[in-house]
Each structure stands twice: as C-alpha cells, then as structure tokens.
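Some notes on the structure that comes next.
The values are calculated or read from the model by the stated rules, or taken from the named source; none is laboratory data. Just so we're clear, the structure is a prediction, and the values are computed from it rather than from any experiment. All Cβ positions, glycine included, derive from the backbone under ideal geometry; neighbour counts span all protein chains shown.
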2 protein chains.
Amino acid sequence: MEPLDVRRAGAWLATAVEEARAGLAEGGIPIGAALYGADGTLLGRGHNRRVQDGDPTMHAETAAFRAAGRRPGYRGTTMVTTLSPCWYCSGLVRQFGISRVVVGEAVTFHGGHDWLAAHGVEVVLLEDAECTALMRDFIEANPALWNEDIGE
Amino acid sequence: MEPLDVRRAGAWLATAVEEARAGLAEGGIPIGAALYGADGTLLGRGHNRRVQDGDPTMHAETAAFRAAGRRPGYRGTTMVTTLSPCWYCSGLVRQFGISRVVVGEAVTFHGGHDWLAAHGVEVVLLEDAECTALMRDFIEANPALWNEDIGE
C-alpha cells in the first residue's frame, strides 16, 4: 500500500470530524468515522448514535462500516476515526481486514490501535487538537453517558 | 459469578439455535445468539442478518446485544452464541465487560474465544453437533457468502 499523504490524511480526518460535530449537534456522543477505498473513494461515513437511535452498537466506526454496505473485501481500505477505536471497533477492523486506521486522537481514550498495529494494520495516529477538545469537553459534561458508551 | 449449570447452558443454547434456524429459514447465515442477565433474564436475542438487511455489521452477537438496548453495564451477563465469536464480536464482549460467553461450537470457525478467556471472560465451549452441522452444511453450500461474512 502506498504511504498515506499528509494532506489526504487531513482531508479524510475532516470528514470524520464533520460526522463527530453532526453527532454533537444531534445531542449525541461526538465521535465520527469514515471508510475510504484504496483509490480514495468515500465508501461510508457515520457517527456514534447511541443516544439518537438508542442503539449501543452504533459506534462511529461501525456506523461508517455499515453505511458502506456489503462488500466482498476490504483490502486497501482505510478507516478514519476521530478517536482511538474501542475493542469492538478494533475487532471490526481486524476481522474484516481493513488495511489502515487513521486515528484523530488517543488522549481521551486509548483503545485498541496498538493491538491493530501489532496485527499488521497500518496505524496513523494524529494528535488533532479539535478531536481531543471535542471529546474532552463532552466527557467532562457527560461522564455517565461516556462510561455507558465504553461499558465502564 | 456462580458456575453455569449444564441444563441452563443447554436451554440458553437452544435460544441461540432457534435464532440460527430462523436466520437460515430467511435465506441468511445460520448463526444465532442471545444475551442473558445475571439472574437468567433474556435481555436480547438475534441472528446474523447480512443477507436479510444487507448489513455487514449484523453478526448474531451484535444483533442480540443491540436488541438488549442501552444498558448501564453488563456485569454478570452471558452471551450465548452458536459459533465462536469473530474478532468483531469478541471485541464487543471485551469492551462492554460481558462476563461469560457460551459457544455452541468452534469447529467450523475458530474465533476469539481464547483471547476472551485470556482477558478474564468465562468461556464455556460446548461441542454441539447441531450447531456444527448447521454451519458445516451452510459453508459447503455457500462458501463465497461465508467468506464475505468473515472478511476472507
């Protein structure tokens, strides 16, 4: 796989951040994600919808993956997410052979991105201030909801 | 947590098998699951709906977890599944702190149940002939669909 261009990574992260902001505007948890194909095509995008749909499975990465529909394979695809993926969404990436994960931040939550890297997934960990601020503010204002979302 | 009674395990597995059969009757992949509370209450049940809903996230365990709705925690709960959980559904169990997993069979697919056991989840691995036959027949007749479901 070609190395990821920094500008492309930034543009892809912007899609995930838009999703996170949309979720926040709906009263939800501000985590967004998008799945891109090997050629840069946007395959699916989504955000956490625990609150909006009353659905505990609708983490951002799962929502983006679902939006991409049924596919014969995921080789060369990239999952971009505003936050380090939890075990559930890390498992998704590993099971379906998604090749790369771009993570907006892992400061407010350290998920399974190291595990993914150890199992052959290319992990690009950004230190995006907006992603961090979105989650930090949200967790401070809604600690119980956040703990529910990660099963703590 | 109390040790799981064999008859209870059998009754719970029967629910998951009913789900798997229902999925097969709908033209879907015959994997079923159910989430039970610490007191034995059925919290949610479901089956794989990749084909039925065109939704690649609807693995059986995810469907059962979703059907159980939003919950503050999963301590003491048991996920019963006809088939060893893939990485995605194993990640679900680990992330949300589901205490126990009852697996119908791990012959046709060896998922993440060892990993779960290594991380403190109680794993009860049954060797259920009906679960194995359901999947063996299905995989033989639909290899491409099965490979799609596990990202291979």
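Do the conditions hold for residue B:150, that is, is it farther than 12 Å from residue B:33 by Cβ, of a type in the set (Val, Ile, Thr) and at the interface with chain A (Cβ under 9 Å from one of its Cβ atoms)?
yes
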ask   = Residues of the stretch A:76-126 being touching a strand residue (DSSP E or B) at 6+ places or on another chain (Cβ under 6 Å), away from chain B (no Cβ under 13 Å) and not hydrophobic (A, V, I, L, M, F, W, C), which ones?
value = A:78, A:81, A:82, A:100, A:122
key: Hits in the stretch B:20-56 (condition: without any contact (Cβ under 8 Å) to a residue 12 or more places away in the chain and of a type in the set (S, T, N, Q))   = B:41
message = For the stretch B:4-13, give me each residue that is modelled with pLDDT of 95 or more and surrounded by 15 or more Cβ atoms within 10 Å (Cβ to Cβ).
response = B:12, B:13
message = Kindly evaluate residue B:121 against the criterion of being more than 14 Å from the chain's Cα centre (by Cα) and closer than 19 Å to residue A:111 by Cα.
response = yes
task = Just need a number here: residues in the stretch B:75-89 that are in a loop (DSSP other than H, G, I, E, B) and polar (S, T, N, Q).
result = 3
